[in-house]
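The values are calculated or read from the model by the stated rules, or taken from the named source; none is laboratory data. These figures come from a predicted structure and were not determined experimentally. Because the Cβ atoms are built from the backbone with ideal geometry, glycine has one as well, and the counts that use them run over all protein chains shown. When the accessible area is computed, the model is the full protein with side chains, heavy atoms only, and any ligands, DNA or RNA have been set aside. Shrake-Rupley method; radii C 1.70, N 1.55, O 1.52, S 1.80 Å.
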Amino acid sequence: MTAYLKLDHIDKVFTRGAATTEVLKDINLTIEEGEYVSIIGHSGCGKSTLLNIIAGLTRATTGGVLLENREVNSPGPDRAVVFQNHSLLPWLTVYENVKLGVDKVFAKTKSRAERDAWVMHNLSLVQMAHARDKRPSEISGGMKQRVGIARALAMEPKVLLLDEPFGALDALTRAHLQDSVMALHQKLGNTILMITHDVDEAVLLSDRIVMMTNGPSARIGEVLDVPLARPRKRLELATNAAYLKCRQRVLEFLYERHRFVEAA
Amino acid sequence: MNMTATKIEVETATPAATAAPVVALMPKRPPRTEAYARMVRETAVRVIPPLVVIALLTLIWELVCRRAGSALPPPSKVFKDTKELILDPFFDNGGIDKGLFWHLSASLQRVAFGYSLSAIAGIALGVLVGQSVWAMRGLDPLFQVLRTIPPLAWLPLSLAAFRDGQPSAIFVIFITSIWPIIINTAVGIRNIPQDYRNVAAVVQLNPLEFFAKIMIPAAAPYIFTGLRIGIGLSWLAIVAAEMLIGGVGIGFFIWDAWNSSHISEIILALFYVGIIGFVLDRLIAGLGKVVTRGTAQN
Ligand SMILES: Nc1ncnc2c1ncn2[C@@H]1O[C@H](COP(=O)(O)OP(=O)(O)O)[C@@H](O)[C@H]1O
Ligand SMILES: [Mg+2]
């Protein structure tokens with residue numbers, strides 16, 4: 001297996017005054033180019049912390065992240081993030097939000113007109129071109145998340161990092177966006193690492209599912225291959241044996257072997 | 001309030017008118033007139049009660065002060081005494097014998113100058129204090145003490161330092177209005193959501209871009225709160241400072257009127273001072289509303 005993105009013995013310890021909490025313990029993972037990997041685990045186990053380490057927004061206590069065999073430890077557009085709560089800048093329009101990243105990343109390689117076209121192209125990819133002049137407060141939650149995805153895609157990242165991108169959306173909107181992301185992955189072939197706590201979402205979208213044990217000192221408990229052909233259709237999968245088996249495996253992991261103690 | 005409502009109306013109307021074909025305009029007509037009718041109603045609701053109160057208060061004032069031997073003139077006498085000042089605010093007989101327009105504009109110029117300085121310095125210091133934990137620890141206690149010093153207490157010191165009335169007055173405005181600007185800006189900077197910082201980090205904005213594109217817009221609602229308190233304090237300070245410094249300016253006009261026992265002129269001047277203070281406050285509030293459009297909602 002060729003390692004495109006490699007997480008190498010990552011530990012993370014938070015220190016607050018005298019108190020220290022070990023959140024992540026010895027995380028090892030390799031991801032291939034074009035792969036769609038989900039990380040699933042109970043709330044508070046350290047998923048966002050892991051994603052932030054990959055994004056370079058948090059430093060690992062020990063261990064590191066290798067992207068194409070080069071260590072990355074500071075944030076950059078090659079690892080664009082779609083944040084949990086969209087994080088669009090409310091004083092900018094939809095267009096300007098996407099443009100912010102594009103202007104920086106393609107400052108030297110694209111002309112002004114090309115950058116403009118590129119922003120519009122990426123807004124069209126997520127069906128948001130019509131809202132280019134709207135402000136984030138004027139569009140729905142699902143639309144905001146679409147713009148967040150466009151902003152990340154427009155930076156042409158090597159790895160797209162999604163932190164529970166659909167967590168705050170209603171079920172219908174979520175299904176719609178999941179289909180969009182699947183279609184984009186199919187079309188553009190991005191390498192995607194997505195955090196989720198939704199079992200169906202993980203199985204539907206991923207090539208592999210990384211299951212994390214409960215914190216503190218969360219580890220990778222199990223990695224599951226999802227042997228489903230693409231393109232996938234959610235309706236057909238509902239009765240697919242392989243799909244149901246994967247779903248069962250993840251459910252067993254989360255609710256039997258690594259029950260969320262506080263929720264009990 | 002009503003001014004902004006009209007503005008929004010205009011803003012949304014223009015693109016619709018240019019983009020939509022002629023047919024689309026037809027059904028838009030009735031709601032428009034309805035909207036205007038509603039606006040008129042809302043304006044009336046807001047304007048009529050204060051007018052009634054003002055009329056009643058004026059009436060009471062007239063009745064109380066009309067009696068012979070009253071210390072203060074009734075409104076009718078105020079109007080009679082100051083009619084010339086009201087009708088001709090632009091006369092200029094040299095020295096300080098000028099129309100009210102010249103006094104007010106001299107005061108406003110001082111405020112504009114001192115307040116601009118304090119806005120620039122206040123925002124800069126606020127950013128510093130909000131950004132850096134050490135600047136915060138070092139400077140905040142100092143600010144908290146200095147900001148409680150009354151404006152006029154600074155005047156003798158600044159007269160000693162500058163040896164001239166004009167820069168002293170401007171300094172008093174500066175030093176009075178800067179504290180709320182610093183403190184509010186610092187709070188705004190400290191409250192920038194981590195999310196926005198993360199976005200900036202992923203996009204790799206440099207410090208200058210971060211300042212212009214994230215920091216200032218994100219903190220703008222707080223900054224404008226500080227600016228609004230600041231403009232009020234500036235106006236308070238200038239009127240008081242001018243009384244002591246003399247020369248052309250509404251503050252000294254009041255003092256001069258008192259020395260010549262022109263009580264009616266004092267009342268007229270107070271009226272103008274109040275109106276202008278109100279307009280300055282609305283101006284900054286309106287500017288804030290335009291600039292922070294969008295930001296405030298999140
Ligand atoms: N900056 C921090 N300082 C201290 N503890 C933190 C910090 N960030 C996260 N944690 C802790 O790390 C754990 C994992 O958090 P997080 O990665 O957000 O979980 P998840 O995304 O899986 O819900 C939590 O217990 C949280 O309290
Ligand atoms: Mg999280």
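Give me Rg over Rh for segment B:152-298, both radii from the alpha carbons and Rh done the Kirkwood way, two decimal places. Don't jump to the answer; show the numbers that get you there.
Numbers: Rg = 20.1 Å, Rh = 17.7 Å.
Taking Rg over the Kirkwood Rh, I get 1.14.
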Notebook entry, point to check: For chain B, what is the mean residue ellipticity at 222 nm derived from helices alone (per DSSP H run of n ≥ 4: -39500 (n - 2.57); sum divided by total residues; nearest 500 deg cm²/dmol)?
Noted result: -28000 deg cm²/dmol
Notebook entry, point to check: What number, in percent, do you get for the relative contact order of segment A:1-57 if the mean sequence gap of Cα pairs under 8 Å and at least 6 apart is divided by its residue count?
Noted result: 32 percent
Item checked: segment A:75-129-segment B:59-80 distance, computed between alpha-carbon centres (Å) -> 68 Å
Next item on the list: For segment B:201-250, list whatever residues lose no less than 50 Å² of accessible surface once every protein chain is in place, relative to that chain by itself, with the probe at 1.4 Å.
Entry: B:202, B:203, B:204
Check: Hey, got the average number of other protein chain Cβ atoms within 10 angstrom for residues in A:42-48?
Finding: 0
Next item on the list: Find, to one decimal place in angstroms, the Kirkwood hydrodynamic radius of chain B, where the mean of 1/r is taken over every pair of different Cα atoms and then inverted.
Entry: 22.9 Å
Margin query: If you take each beta carbon of peptide A:89-98 and count the beta carbons of other chains within 10 angstrom, what is the mean?
Written below: 4
Check: What whole-number value in Å² describes the accessible area per residue of chain A for a 1.4 Å probe?
Finding: 45 Å²
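How many square angstrom of accessible surface are buried between A and B, both sides summed, with a 1.4 Å probe and rounding to 100? Write out the running numbers ahead of the final one.
On the way: alone 12890 and 18070 Å², together 29110 Å².
Its buried surface, counting both partners, is about 1900 Å².
Taking R0 as 45 Å, what's the FRET efficiency between residue B:97 and residue B:206 from their Cβ-Cβ distance, rounded to 0.05?
On the way: r = 57 Å, r/R0 = 1.27.
Efficiency, from the Cβ-Cβ distance: 0.20.
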Margin query: Using a Debye calculation, one point per C-alpha and no hydration shell, please list log10 I(q)/I(0) for segment A:187-240 at q = 0.15, 0.16, 0.30 Å⁻¹ in order.
Written below: -0.51, -0.57, -1.36
Check: For chain B, which whole percent of the accessible surface, found with a 1.4 angstrom probe, sits on carbon and sulfur atoms?
Finding: 71 percent
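For an R0 of 35 angstrom, estimate the FRET efficiency from the Cβ-Cβ distance between residue B:76 and residue B:40 and round to the nearest 0.05. It would help to have the intermediate numbers written out before the result.
Numbers: r = 32 Å, r/R0 = 0.93.
It comes to 0.60.
Over the alpha-carbon set of segment A:20-83, divide Rg by the Kirkwood Rh and report the Rg/Rh ratio to two decimals. Kindly include the intermediate steps, with their values, before the conclusion.
Numbers: Rg = 12.0 Å, Rh = 12.9 Å.
Here the Rg-to-Rh quotient is 0.93.
Restricting everything to alpha-carbon atoms, can you work out Rg to Rh for segment A:173-264 with a Kirkwood hydrodynamic radius? Don't jump to the answer; show the numbers that get you there.
Working: Rg = 14.0 Å, Rh = 14.2 Å.
Rounded to two decimals, Rg over Rh is 0.98.
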Notebook entry, point to check: Using a simple charge model, +1 on the beta-carbon of Lys and Arg, -1 on the beta-carbon of Asp and Glu, nothing else, what dipole does the protein assembly as shown show about its Cα centre, in debye to the nearest 20?
Noted result: 600 debye
Next item on the list: Under a cut-off of 26 Å between alpha-carbon atoms, report the lysines in cross-link reach of residue B:83, not counting same-chain residues fewer than 8 places apart.
Entry: B:98
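How many Å³ per residue does the convex hull of the Cα positions in segment B:220-298 occupy? Could the numbers behind the result be given before it?
Working: hull volume 6.2 nm³, N = 79.
Hull volume normalised by residue count: 78 Å³.
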Check: Taking the DSSP beta bridges in the protein assembly as shown as the whole, what percent of them are antiparallel, to the nearest 5?
Finding: 55 percent
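With r as the distance between the Cβ atoms of residue B:60 and residue B:293 and R0 = 35 Å, compute the FRET efficiency 1/(1 + (r/R0)^6) and round to 0.05. Could the numbers behind the result be given before it?
Values: r = 43 Å, r/R0 = 1.22.
Result of the calculation: an efficiency of 0.25.
With each run of n ≥ 4 DSSP H residues scored as -39500 (n - 2.57), what mean residue ellipticity at 222 nm is computed for chain A after dividing by its residue count and rounding to the nearest 500 deg cm²/dmol?
On the way: 8 runs with 90 residues, N = 264.
The per-residue figure over chain A is -10500 deg cm²/dmol.
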Next item on the list: Note the direction-averaged projected area, equal to a quarter of the hull surface, for the Cα convex hull of segment B:70-194, in nm².
Entry: 12.3 nm²
Check: When each pair of different Cα atoms in segment A:90-184 is counted once in the 1/r mean, what is the Kirkwood radius in angstroms, to one decimal?
Finding: 13.6 Å
Margin query: Report the Cα centroid-to-centroid distance between segment A:188-206 and segment B:225-241 in angstrom, as an integer.
Written below: 56 Å
Note to self: Which order do the peptides B:96-106, B:72-82, A:149-159, B:145-155 come out in when sorted by mean C-beta neighbours inside 10 angstrom, highest first?
What the structure shows: A:149-159, B:96-106, B:72-82, B:145-155
Notebook entry, point to check: With the calculation restricted to Cα positions, what are the radius of gyration and Dmax of segment B:139-203 in angstrom?
Noted result: 17.5, 53
Note to self: Testing the spin-label approximation: label points 7 Å from Cα along Cα→Cβ at residue B:263 and residue B:48. State their distance in nm.
What the structure shows: 3.6 nm
Check: What is the Cα coordinate range of the protein assembly as shown on the first, second and third principal axes, sorted by size from largest, in whole angstrom?
Finding: 103, 66, 54
Note to self: What does the C-alpha gyration tensor say about the overall shape of segment B:168-251? Classify as rounded when a/c is under 1.5, otherwise prolate if a/b is larger than b/c, or oblate.
What the structure shows: prolate
Item checked: Simple spin-label estimate for residue A:168 and residue B:86 in nanometres, 7 Å along Cα-Cβ -> 5.6 nm
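In units of 2.2 N^0.38 Å, what is the alpha-carbon radius of gyration of segment A:1-153?
1.20
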Next item on the list: Compute the Kirkwood hydrodynamic radius of chain A, taking the inverse of the mean of 1/r over all pairs of distinct Cα atoms, and give it in Å to one decimal.
Entry: 19.1 Å
